[in-house]
Amino acid sequence: MKKVLFVLGTLLFGMVFSFTSEANAAKHEHLMQSATAYVGSTTGHGATYGFYNVQYSTVAVKKKYGTTVPIIPFGTAINLTESITLDGANISKSSFTDTGLGSDYGSYWIDFYYGFDSAQNRTNASLFGVKPVSYTASY
């Protein structure tokens, strides 16, 4: 009986803590940021934490200055203010799974993952160019 009560208490505590932390996450709005596209492995920097790159569904973001930590946490979902077309796919949501340099772009630049490194994906990513996007993220 003590084990059952302990398990139930632990689950209840975990649920309350989970709801509280989600409720306390601040919604950040990043307006008119640069968006680019890249190709590479599905195991980006976030893979260590279980966040893998998925073609057209995930993005990279800059690292915090002087660290390897992304400025927006891995796994954070984003909602684009306006959907964007990536190689024929209409995208309005994504999540952060990788980091990149983006040194020529704004602080909250994002880099859409265009898939593994192949001639076709490189061409498509290059044709994407640089586009302005606005998005929100809760973290």
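Since every read-out is calculated from the coordinates, none of them should be taken as a lab result. Owing to the predicted nature of the structure, the values given are computational and were not obtained by experimental measurement. Note that each Cβ is placed from the backbone with ideal geometry, even for glycine, and that neighbours are counted across all protein chains shown.
Each label point is 7 Å from the Cα along the Cα-to-Cβ direction; what then is the distance between the points at Met32 and Lys63, in nm?
With each label placed 7 Å out from Cα toward Cβ, I get 3.0 nm.
In nm, to one decimal, how far is the modelled label at Val130 from the one at Thr85, with both set 7 Å along Cα→Cβ?
Computed distance between label sites Val130 and Thr85 equals 2.3 nm.
Between Thr123 and Ser103, what is 0.36 nm times their sequence separation minus the Cα-Cα distance? Round to one decimal in nm.
Taking Thr123 through Ser103 to full extension adds about 5.0 nm, to one decimal.
Taking other Cβ within 10 Å of each residue's Cβ, how do Ile91, Ile78, Ile110 sort, fewest first?
Ile91, Ile78, Ile110
May I ask you to list the residues of segment 102-139 whose amide nitrogen lies under 14 Å from a point 7 Å from Cα along the Cα→beta-carbon direction of Thr42?
Inside the label zone: 114-117.
Could you let me know the centre-to-centre spacing of segment 75-118 and segment 38-64, using Cα atoms, in angstrom?
Their Cα centres are 10 Å away from one another.
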